[in-house]
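Scroll down for the structure; my scribbles are underneath it.
The values are calculated or read from the model by the stated rules, or taken from the named source; none is laboratory data. From a predicted model like this one, the values you see are computed outputs, not experimental measurements. Quick reminder, even Gly has a Cβ in these numbers, built from the backbone with ideal geometry, and neighbours come from all protein chains shown. Accessible surface is based on the protein model in full, side chains and every heavy atom, while ligands, DNA and RNA are left aside. Shrake-Rupley method; radii C 1.70, N 1.55, O 1.52, S 1.80 Å.
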Amino acid sequence: MQQITSSTQLKDQILDLLHKNGLDSPCYSKILDYTIELFHSKGLGDDYYGYHNIVHELEVTYVALIAAQWESFLNNFTKEDLTYLFVAALFHDYDPHKQVDKPHEEDAVKFVKTDKKLLELLKDASTDENIIATLILRTTYPWSGELQQNAEKQIEEHLSVSDITKNDPNKKEHYKKIGWFLSVADRIGGYALGDFTKALEMAKKNAHALAWHPKLLARRSVAYFEDLLNNEAEMCERILRSLPKQMRKSFTDNVLLFYKLREQEIQINASFVYD
């Protein structure tokens, strides 16, 4: 599989997916262009040293839309759902006042709900910013403890003011599930789009974002995938089944190579202890 490595390539692929799924109004390409413009203007373009740059944002959008496309064939996702997933994926890590690489979902939500130009574009796309906020907040990682509790509280607040969901418990649960879908697509993302060289570079950047010590890279990466494959098993399997065979293979191969890397570390450490 030829690797898609630049924001320009990813943009073209995303536009193609949107058109194939009937999202061919000019407002969608305008939203995409605006996102890319924002990330580059804040120094978060292709050359940004960290994990959460425009390439990551577009990779997650691309993977999420490919998987959601299959879900739409199964009547689990509507065209409206694809729109919300598209916008939330684009902005889920946008932090206009970034001081550290790990994103602050609350800052991304604040931007989505207050930026005048984006709100005009969302109006053209007939989307509710409160639902977009819900999906973004669900990408909080790790999804546990106080972080989870705070995110869930804010999610309820946004869903309670949206005209679409405030009087419809089923709709609330539906969009919470789409948020879960996005959160897992976020973590699969680029690991399904390239070889182990790319995956290792991603892991190094992710380690920086999550403040891991470099010597713990393999150990923490294995723990990251263990959590994804075990604690998020239902949604992880659902998304992987929805991806093309080559993407599933790339993801699986990369995970296995991280396990092998960790096994080699254990063997080396064991030999030192034995000696």
**Rounded to the nearest 20 debye, dipole of the chain from Cβ charges on Lys, Arg, Asp, Glu** = 320 debye
**Asked** Given segment 118-275, what whole percent of its Cα pairs are spread farther than 25 Å?
**Response** 43 percent
**Message:** Sequence gap at least 6, Cα distance under 8 Å: using those rules, report the relative contact order of segment 125-247 to the nearest whole percent.
**Reply:** 23 percent
**Request:** Could you sort out which of LYS117/LYS153; LYS204/LYS245; LYS113/LYS166 sit more than 22 Å apart by Cα distance in this structure?
**Result:** LYS117/LYS153; LYS204/LYS245
**Message:** For the chain, what does the accessible surface come to per residue with a 1.4 Å probe? Please give it in Å².
**Reply:** 49 Å²
**Item:** Long pairs among LYS116/LYS172; LYS11/LYS98; LYS177/LYS215, criterion Cα-Cα beyond 30 Å
**Value:** LYS177/LYS215
**Item:** Within the chain, helix-based [θ] at 222 nm, where runs of 4 or more DSSP H residues each add -39,500 (n - 2.57), nearest 500
**Value:** -23500 deg cm²/dmol
**Request:** Measure nothing fancy, just the Cα-based angle from helix 233-242's long axis to the longest principal axis of the chain, in degrees from 0 to 90, nearest 10.
**Result:** 70 degrees
**Asked** Rounded to a whole number, what % of the accessible area of the chain do carbon and sulfur atoms account for, probe 1.4 Å?
**Response** 50 percent
